[in-house]
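Structure record follows, encoded as C-alpha cells.
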Amino acid sequence: MRLTGIGKIIKVASYYHYVRHDAYAKLIQNAKYNNRPEIDRWLARRFASELQAEGFFNGIDCLIPVPLHRWKLVKRGFNQSQEIAEEISDVTGLPVCLNLYASKGHKTQTHKNADQRQKNVEGVFRLDHSEDLEGKHVLLIDDVITTGSTLLACCAAIRAVQPNVAFSVLSLASTTAI
C-alpha cells in the first residue's frame, strides 16, 4: 500500500483505476489541462452520491483538498482538488477546510518516478489555523493518486502540528491499489 506512511487511514476511496489513455483518464486530463473544472465537479458529484448512500462520509469532520501553489493556481485558473472537494461538500454538507497550503512551488509530478515525486513535494505544504483540525477526522482529496507522495507530504504537514488528526483519502482515480 502506497499510503502506509500516513499512519492509520480510516477510509480510502477512488472512483476508478487510472489508465493513461482510457476515456476516464482523458476526462481528468481535459479537466486539469484544458480549463474544464465542470468535469471534475460532475465526476465528484456522481462519486459522492454513491459513497453517501454507502455511509462513507459518516464520521468525517471536514474535507481538505490538496492545495496548489498560488502561481500554479494562477496559471491553471482553478485547483482541481478544491473543485472536487466543493462538489463533495455540496452533496454531503461537510465543510471544505482550506487550512493546508502550498508554501512554495514545485515542479509537475507528471514525469517523475516515485523517489523523485517524494523529494519534489518534501516541505512544500504548511498548515494555517492548525487548532481548527485538532482531533478531527479529515478527508484528504486529490484528483489522481499515482505514488501517494503528495498525500504523504500533506499528511506530514498536518501531523507535524496536529498529531491527533485522523485521515481518510478520496480521489477520482488511482493508478494502482491504494
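Just so you know, all these numbers are worked out from the coordinates, no wet-lab data involved. Quantities reported herein were computed from a predicted structural model and do not represent experimental measurements. Virtual Cβ from ideal backbone geometry, glycine too; neighbours counted across all protein chains shown.
Hey, what do the phi angles of segment 10-21 turn into as Karplus ³J(HN,Hα) couplings, whole Hz, using 6.51/-1.76/1.60 and θ = phi - 60°, x for Gly and Pro?
For segment 10-21, the Karplus-derived couplings read 6, 9, 9, 9, 9, 5, 7, 7, 7, 10, 2, 10 Hz, x marking Gly and Pro.
Using θ = phi - 60° and the Karplus form 6.51 cos²θ - 1.76 cosθ + 1.60, what ³J(HN,Hα) does each residue of segment 49-61 get, whole Hz, x for Gly and Pro?
4, 5, 5, 4, 5, 8, x, 4, 7, 4, x, 7, 8
What does the net charge come to around residue 27 if you take all other residues with beta carbon closer than 10 Å to its beta carbon, with K and R at +1 and D and E at -1? Walk me through the intermediate numbers first.
Values: positive: 26, 32, 36; negative: 22, 40.
Local charge sum for residue 27: +1.
Work out from phi, with θ = phi - 60° and the Karplus expression 6.51 cos²θ - 1.76 cosθ + 1.60, the ³J(HN,Hα) of each residue of segment 36-42, listed in order in whole Hz, and give x for Gly and Pro.
10, x, 5, 5, 4, 5, 5
By the gyration tensor of its Cα atoms, with a ≥ b ≥ c the square roots of the eigenvalues, what is the shape of segment 7-111: rounded for a/c under 1.5, prolate for a/b over b/c, or oblate?
Because a/c hits 1.5 or more and a/b fails to exceed b/c, segment 7-111 counts as oblate.
If each residue's Cβ is checked for other Cβ atoms within 10 Å, how do 42, 71 rank with the fewest at the top?
Fewest-to-most Cβ neighbours within 10 Å comes out as 71, 42.
Of 32/75; 11/72; 11/75; 75/136, which ones are farther than 22 Å apart at the Cα?
In this structure, 11/72; 11/75; 75/136 lie more than 22 Å apart at Cα.
At a 10 angstrom cut-off on C-beta neighbours, averaged per residue, how do the peptides 156-163, 57-64 rank from highest to lowest?
57-64, 156-163
Can you sort 139, 43, 98 from fewest to most other Cβ atoms within 10 Å of each residue's own Cβ?
The order, fewest Cβ neighbours first, is 98, 43, 139.
Hey, if you put +1 on the Cβ of every Lys and Arg and -1 on every Asp and Glu Cβ in segment 27-90, which of 56, 28, 74 ends up farthest toward the positive end of that dipole?
74
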